[in-house]
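The values are calculated or read from the model by the stated rules, or taken from the named source; none is laboratory data. The structure presented is a predicted model; accordingly, all values stated were derived computationally and were not measured. Here Cβ is always computed from backbone atoms with ideal geometry, including for glycine, and neighbour counts include all displayed protein chains. Just so you know, the surface numbers come from the protein's heavy atoms only, side chains and all, with ligands and any DNA or RNA stripped out. Shrake-Rupley method; radii C 1.70, N 1.55, O 1.52, S 1.80 Å.
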Amino acid sequence: MGRGHWIAIAGIALAGLLLRCLAARGGLWLDEAWSAIFAQEVATPAGVLLQINHDNNHHLNTLWLQLVGPAAPPMLQRALSIVSGTATIIVAAQIAGLRGPVPAILAAVAFCLAPFLLTYGAEARGYAPMLFAWVCAIGVIDRWLADPVQAKPATGVAIAALVGCLAQATMMFGLAMLALWVTVERVRRAGWRRGLIDTVALFAPAGVVTLALITSAWAAAATGGTGFHLGNREPHDWGKWLDAMGQLIDGTVGSVVVLLLLGYLVRNVRERMVTLAAIACVLPLLVAIVALPNSGAARYYVVILPPLLLLAAIALSSAARQPVGRWLAAAIGLAFLANTAWADGALLRNLRGDPGRAVATLAHTAPHGAAVSLDYARSSAILIAAARSQHYPITLASTPCPPARFHFVERDGDAAFPTIPNWCGRPYREVARGDPSGLSGTHWRLYAAMR
């Protein structure tokens, strides 16, 4: 890794920063908006840690939202994720750089453009800081596995566990994968006894940290009187699970890259990243077999992407050393770039449906404020968050009838909107709409009364 290589990686990271800033425009969508509401309701950092007993409370993100305040522009509210997502590009390049400059640059490009990482690196939720901590943990462990004579980075792994779990609870999946990775690699090199001892010694502090966080969350929920709440709990469905797998493959690495990885697993089993990638591939299948709820949510498997992308970068570099492999690597690289350009372009255009345009429309039509009625009470967070960031006075109707002059309708997925908008006998016409295409966002319509 020479100076020129790091300059190239820095340029790729700056491009990733720009992409994330562009993707961070637009109003907060439903989950982001509720995080902002939670942050202001509890008022203090202690409240964020102890009083919001809800799975939509990604603690570090909620603390950031509380710090910047409800009137902050959306890009500032998403700044924690933007910075975390950009930093992850550099860390990934460092990990792949242990194998040479070409894998490092390929990894930087993959982490810069992958639609999953761009999406979560530009929204006010906890996935981006969690992924940053997760990739840092991969990095310190990978470096140690390359030379196990060095002191075990137990403190570094514990810090990553603390930051990652506070950012988003799926970090626990990542920690389990890392522990299995270390066990397999050390047992293969040093035997069962030494392998198990090394794994326990490396992960004991991280285990204590994780257990303490789980205990604290359980105690807070138990003493709060209302228990822990899930925003959405769907039973396992194989069809939705397959859809989630399709999003992971098509929206991130591309099916062609997956085929390359399968060939690489057979050809070069000595690369230690192969083991972690194989373990990562097993995680979604395990979730499906156990039939855990919400198994059809692709975002819960986001931890499997860094190992796959890292291995893809290493595999492409290795394939490019062969005459035939060079053409294959070029074809795969072009397919990846075309796939990501299409998916990333869609995100940059529709901005998760941009609910902020609903308030912008209200401000244009009724500059001094407006009353809005809702189909669903949960939609109130979207309008409140957008109105606060745009400094627009809005009143939400407390009763459905008689309906207000404006009516806001939000839907999940492909659920239909009314073909003839009419509430309480009052006809309406559509004045604004938003439809996301991608991994997250809000489908919505804003209607205005015709009389």
Query raised in the report: So what is the 222 nm mean residue ellipticity for the chain from helices alone, if each DSSP H run of at least 4 adds -39500 (n - 2.57) and you divide by all residues, rounding to the nearest 500 deg cm²/dmol?
Result: -21000 deg cm²/dmol
Report task. Using only alpha carbon pairs under 8 Å that are at least six residues apart, calculate the relative contact order of the chain and give it in whole percent. Result -> 17 percent
Query raised in the report: Roughly what % of Cα-Cα distances in region 345-451 sit above 18 Å, to the whole percent?
Result: 45 percent
Report task. Leaving ligands, DNA and RNA out of it, work out the accessible area of Arg321 with a 1.4 Å probe and give it in Å² to the nearest 10. Result -> 150 Å²
Query raised in the report: To the nearest Å, what is the center-to-center distance of region 28-68 and region 181-208, using C-alpha atoms only?
Result: 37 Å
Query raised in the report: Can you give the three extents of the C-alpha atoms in region 279-391 along their principal axes, from longest to shortest, in whole Å?
Result: 68, 37, 18
Report task. Using only the Cα atoms, work out Rg/Rh for region 278-327, with Rh taken as the Kirkwood radius, to two decimals. Result -> 1.20
**Report entry** For the chain, the fraction of alpha-carbon pairs in successive 10 Å shells from zero, as %
**Finding:** 4, 19, 29, 25, 14, 6, 2, 0
**Report entry** Zero-based 5 Å bins, Cα pair distances in region 1-43, whole percents
**Finding:** 5, 18, 13, 13, 12, 10, 10, 8, 7, 3, 0
Query - Solvent-accessible area per residue for region 83-180 (1.4 angstrom probe, square angstrom) - result: 28 Å²
**Report entry** Anisotropy class of region 21-63 from Cα gyration tensor, a/c 1.5 cut
**Finding:** prolate
Report task. For each cysteine in the chain, check whether another cysteine's C-beta sits under 4.7 Å from its C-beta; list those where none does. Result -> Cys21, Cys112, Cys136, Cys165, Cys281
Query raised in the report: Can you give the angle from 0 to 90° between the axis of helix 356-365 and the longest principal axis of the chain, with both taken from C-alpha atoms, to the nearest 10?
Result: 20 degrees
Report summary line: Longest principal axis of the chain (C-alpha) makes with the long axis of helix 30-42 (C-alpha) an angle, in degrees to the nearest 10, of 80 degrees
Query raised in the report: With every protein chain left in place, what is the accessible area per residue of region 1-60 in square angstrom, probe 1.4 Å?
Result: 44 Å²
Report task. Mind listing the long-range amide H neighbours of Ser373? Cut-off is under 5 Å, sequence gap 5 or more, other chains count too, H placed in the peptide plane at 1.01 Å from N. Result -> Ala397, Ala404, Phe406, His407, Phe408
Query raised in the report: Where does region 305-364 land on Rg/Rh, using Cα atoms and the Kirkwood Rh?
Result: 1.33
Requested in this report: Treating the angle as unsigned and between 0 and 90°, give the value, to the nearest 10°, between the Cα long axis of helix 3-23 and the longest Cα principal axis of the chain.
Outcome: 20 degrees
Query raised in the report: Short version: what are the Cα gyration tensor semi-axes of region 84-176, square root of 5 times each eigenvalue, largest first, in whole Å?
Result: 21, 19, 8
Query raised in the report: Carbon and sulfur atoms: what percent of the 1.4 Å accessible area of region 280-431 do they account for?
Result: 64 percent
Query - Principal axis dimensions, largest first and in whole angstrom, of region 165-245 by Cα - result: 48, 38, 18
